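Notes follow once the structure below has been shown.
The values are calculated or read from the model by the stated rules, or taken from the named source; none is laboratory data. Since we're looking at a predicted model, the values are computed, not measured. Here the Cβ is made from the backbone with ideal geometry for all residues, glycine too, and neighbour counts use every protein chain on show.
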Amino acid sequence: MAFLVIMPSVLQRHSLSKLAANSKQTEFTLSDAMNESIRPSSTQSTGEIFRNAFGDFKLRRWPLVRRDKLQAWDASDELILQHLSDNYKTRLQQLESSAQRILIVNDAFGALSTCLYQYGVCNWSDSKISQMAVQNNINQPYNISRHVSLTNQKNKLSLLSSTSIPNGDYGIALIKIPKTSALLKQQLLSIKTLIKDDCVIIGAGMTKHIHNSTLKLFSDVLGTTKSSLAKKKARLIFSQIDDSTKGDKPVQLEPYSYYCKELEGTLTSYANGFSKNNLDLGTRAMLTAIKNNRLPEAKRLLDLACGNGVLGICAAKTLSDNGKGEISIDFIDESYMAVAASQTNCSQFISSKHSCKVNFIVEDGLSHTEKKYDWIICNPPFHRGNTIETQTAKRLFRDSHRHLENNGELWIVGNHHLKYHQALEKIFSNYRLIFSDHRFSVIAAKKINQDEGESTSNN
């Protein structure tokens, strides 16, 4: 029997320390880039050329998607690079020959990290997928050729997860405005405790994502703040840390909590969590389906794109309460904060009586493993940043098919208009409706046999 038991007084510390251990600040050098292999895929493309003040670089979005017409940068990336080139050439030259680095926050596909690599970069992100994009864009031979003249091996890329606090000497801090203001606040509170008075702090984003509340947040947390004029629908934010706002100690992850009647207890999320203040309707629909339907005969479960882990917890507890014996369940998400929240919530709701072995993984879906499961549960994301899309969900469905045992089942939930049943029928050659309300459908698909799986997953 294996189980997870964590005393409530150390929940947060456990989540942070374990996630930090799994995602310590890692170094990525040019030699690593030249030797590192990108996961083979028929979707690989050559990328588009990003022409900016620091040169031409070939960039791709990640994960690689066939016929992806979206570019891996936006006008705010162009604007911030132009501003650095026009105003901070001396500072950048100093960085090249000093121990200082550039702290880059929320660099979605590595546009800033790739272009500024030679000056030494620490990439700080909540997204494992974004960090994969950073590595693979630096890895592009076209881009490597622009940095091969570098001899100073200080110039490495450091990858740091959102559950860790940056430590180091930074001459410039660049912050791409994230989708959620809670995440931005968490990051700004952390930044002000670690950077020096002379550090250049610049925020950047598209004007539609920069509001008066955004500027006020910079001002309240950091100090004196102003913004640039808009150009190509992008804008920069300039801040300086005032004496009155200086922090004196690292800021820990701030928990967000709400009561979940389905689990009869309080769930925890962190700043970048989806629907962190309440249970979203899609998740509620899946919980209803789990509670009111016959469940698969499962011993090995996976909560894929787990968020705060509520679906996996409910499924594992229900199976355990039904006397299914020892159960193992993996919680996988590409968000470091999501997996930290899953750890915290499992410690709250899963105890020794449930005979449940749990495992937490920060990863891009199932790309890291060959494990097989009896039952996979998924509330798939349908956004890439601020863009609505279904490619990510369909990729997770295909990966799920490959990682299910014969007769294993995938349960997913989604808005009616996303028409996930069509994708499931194409991949699994079957599906059934488990639950439906006015907005959401819970759909199950069964892996019939291995031969069919191999043929359908390649379609």
Selection within region 340-353 - over 19 Å from the mean Cα position of the chain (by Cα) and either within 17 Å of residue 302 (Cβ to Cβ) or among the basic types (Lys, Arg) (or both): 346, 350, 353
Sole residue being within 24 Å of the chain's Cα centre (by Cα), under 20 Å from residue 347 (Cα atoms) and either part of a loop (DSSP other than H, G, I, E, B) or not charged (D, E, K, R) (or both), chosen from 279, 217: 279
Of the criteria (1) surrounded by fewer than 24 Cβ atoms within 10 Å (Cβ to Cβ); (2) in contact with a Leu (Cβ under 9 Å, 6 or more places away or on another chain); (3) more than 22 Å from residue 164 (Cβ to Cβ), which one residue 304 fails: (1)
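Does any residue of region 105-124 turn out to be of a type outside the set (Lys, Arg), surrounded by fewer than 21 Cβ atoms within 10 Å (Cβ to Cβ), out of contact with any helix residue (DSSP H, G or I) (no Cβ under 6 Å at 6 or more places or on another chain) and part of a helix (DSSP H, G or I)?
Checked region 105-124: at least one residue is of a type outside the set (Lys, Arg), surrounded by fewer than 21 Cβ atoms within 10 Å (Cβ to Cβ), out of contact with any helix residue (DSSP H, G or I) (no Cβ under 6 Å at 6 or more places or on another chain) and part of a helix (DSSP H, G or I).
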Per-region count, region 125-147, residues assigned to a loop (DSSP other than H, G, I, E, B), surrounded by fewer than 21 Cβ atoms within 10 Å (Cβ to Cβ) and touching a residue at least 40 places away in the same chain (Cβ under 8 Å): 3
Qualifying residues in region 212-261 (those that are more than 20 Å from residue 183 (Cβ to Cβ) and acidic (Asp, Glu)) - the one modelled with the highest pLDDT: 242
Residue 200 vs. criteria touching a helix residue (DSSP H, G or I) at 6+ places or on another chain (Cβ under 6 Å), among the β-branched types (Val, Ile, Thr) and crowded, with 18+ Cβ neighbours inside 10 Å: no
Residue list for region 338-355, restricted to those being small (Gly, Ala, Ser) and either assigned to a helix (DSSP H, G or I) or not assigned by TED's automatic domain parsing to the domain that holds residue 303 (or both): 338, 340, 341, 342, 347, 352
Matching option when the condition is modelled with pLDDT of 95 or more, surrounded by fewer than 21 Cβ atoms within 10 Å (Cβ to Cβ) and aliphatic (A, V, I, L, M), among 388, 361: 361
Which listed residue, of 231, 261, is more than 24 Å from the chain's Cα centre (by Cα), on the phi < 0 side of the Ramachandran plot and in the same structural domain as residue 189 (by TED's automatic domain parsing): 231
From the options 340, 271, residue that is touching a Leu at 6+ places or on another chain (Cβ under 7 Å), surrounded by fewer than 24 Cβ atoms within 10 Å (Cβ to Cβ) and under 21 Å from residue 127 (Cβ atoms): 271
Residue identified as more than 22 Å from residue 268 (Cβ to Cβ), in the same structural domain as residue 269 (by TED's automatic domain parsing) and surrounded by fewer than 22 Cβ atoms within 10 Å (Cβ to Cβ) among 429, 400: 429
Complete set of residues in region 318-337 that are modelled with pLDDT of 90 or more and surrounded by fewer than 20 Cβ atoms within 10 Å (Cβ to Cβ): 318, 328
Filtered residue count, region 430-445, keeping only those that are farther than 19 Å from residue 292 by Cβ and either touching a Pro at 6+ places or on another chain (Cβ under 9 Å) or modelled with pLDDT under 95 (or both): 0
